[in-house]
Amino acid sequence: MSALLPWPGEDFACSDCALSYPDLPVPDAVAMVAALPALTREAVAELPDAALRRRPSADRWSVAEYLCHLRDVHVAYTIRLHRARTEDRPVLEPMLNDLRARRFRYAECDVPAVLGELAAAAAGFADEVRRVAPDGWDRPVVRQPGEARTARWLVRQTAHEGRHHLADVRRVGHAVQR
């Protein structure tokens with residue numbers, strides 16, 4: 001198993017998708033999450049099934065794999081946010097993304113079903129955000145030693161995952177149609 005990459009910090013700014021955590025208020029992050037399912041449906045609407053499953057290279061996921069990852073991110077981060085809200089300094093399991101993609105056969109998924117599941121997961125995430133108390137945004141979670149992050153970070157990270165991987169879906173979808 002490869003070593004876990006560290007989580008970006010609370011002050012992270014992504015050079016690829018131009019998202020800055022300190023400049024992203026929680027309500028804006030939640031709006032990004034809410035918009036993601038429709039944007040994702042639009043991004044894949046014209047792709048034939050074969051293109052959805054084709055990897056542009058051996059080390060890059062297919063569109064179908066990215067869609068499953070996006071769904072799982074929203075499910076996992078809903079649980080993570082719930083734990084931040086209800087437990088004292090919970091230690092979170094890593095997602096093990098590549099293992100999930102293999103074991104749960106992301107490449108073979110029913111894409112319309114996954115798009116529906118992504119919509120449900122995004123809505124569930126928004127439901128969990130609404131349950132965070134006004135004084136709960138600084139509640140910490142830990143994944144690895146020395147890697148504490150806040151509930152606020154979890155929301156921003158979820159929005160970033162959606163934005164970043166939606167760009168991946170578009171890029172891969174374009175690449176495999178050439």
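The values are calculated or read from the model by the stated rules, or taken from the named source; none is laboratory data. Bear in mind that the values here come from a model prediction, so they are computed numbers and not experimental data. For neighbour counting, all protein chains shown are included, and Cβ atoms are generated from backbone atoms with ideal geometry for every residue, glycine included. To get the accessible areas, we keep the full protein, side chains included, count just its heavy atoms, and leave off ligands, DNA and RNA. Shrake-Rupley method; radii C 1.70, N 1.55, O 1.52, S 1.80 Å.
State yes or no: is residue 107 closer than 15 Å to residue 76 by Cα and touching a residue at least 12 places away in the same chain (Cβ under 8 Å)?
For residue 107, the condition - closer than 15 Å to residue 76 by Cα and touching a residue at least 12 places away in the same chain (Cβ under 8 Å) - is not met.
Taking the conditions (1) open to solvent by 10 Å² or more (accessible area, probe 1.4 Å); (2) within 24 Å of residue 3 (Cα to Cα); (3) part of a helix (DSSP H, G or I) in turn, residue 120 satisfies each one other than (2).
Out of curiosity, is residue 161 acidic (Asp, Glu), within 26 Å of residue 61 (Cα to Cα) and part of a helix (DSSP H, G or I)? The answer is yes for residue 161.
Residues in the range 166-178 that are surrounded by 18 or more Cβ atoms within 10 Å (Cβ to Cβ) and farther than 19 Å from residue 58 by Cβ: 1 in all. Checked against the criterion of being under 14 Å from the mean Cα position of the chain (by Cα), within 15 Å of residue 173 (Cα to Cα) and not aromatic (Phe, Trp, Tyr), the candidates 67, 36, 52 yield just one match: 67. Of all residues in the range 11-54, those that are acidic (Asp, Glu) and open to solvent by less than 60 Å² (accessible area, probe 1.4 Å) total 0. Of the helices (runs of 4 or more DSSP H) lying entirely inside the range 1-111, those carrying at least 2 residues that are acidic (Asp, Glu) are 26-44, 63-86.
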